[in-house]
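The values are calculated or read from the model by the stated rules, or taken from the named source; none is laboratory data. Quantities reported herein were computed from a predicted structural model and do not represent experimental measurements. Here the Cβ positions follow ideal geometry from the backbone for every residue, glycine too, while neighbour counts run over all protein chains shown. Each accessible area value is taken on the protein alone, full model and side chains, heavy atoms only, with ligands, DNA and RNA left out. Shrake-Rupley method; radii C 1.70, N 1.55, O 1.52, S 1.80 Å.
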Amino acid sequence: MSDAKIAVHRDGEFIGHYIVKGGMITVYSPNGHSKTTRQAGDGDSAGLARLMLSEAWAR
């Protein structure tokens, strides 16, 4: 899969972006923090990114 930045929106508002590369997903919040984990098993990277961006580190 490409390592292009993919924007994540919730209720029409930009909440961050993510990159998938080599089976790993790195999620970036607007405040400059990031987290990396294994890509979702079902391939729902957008859903995983949205979930990760709802955690305290991303606010």
Study note, to complete from the structure: Between I6 and E55, Cβ-based FRET efficiency (R0 25 Å, step 0.05) works out to 0.85
Review point. Taking all protein chains as present, what is the carbon and sulfur share of the accessible area of the chain, in % to the nearest whole number, probe 1.4 Å?
Key: 50 percent
Exercise for review: Identify which of G22, G43, G12 has the largest mean-square fluctuation in a Gaussian network model of the chain, with springs joining Cα atoms closer than 10 Å.
Suggested key: G12
Review point. With every protein chain present, what accessible area does I6 have (1.4 Å probe, heavy atoms only), rounded to the nearest 10 Å²?
Key: 60 Å²
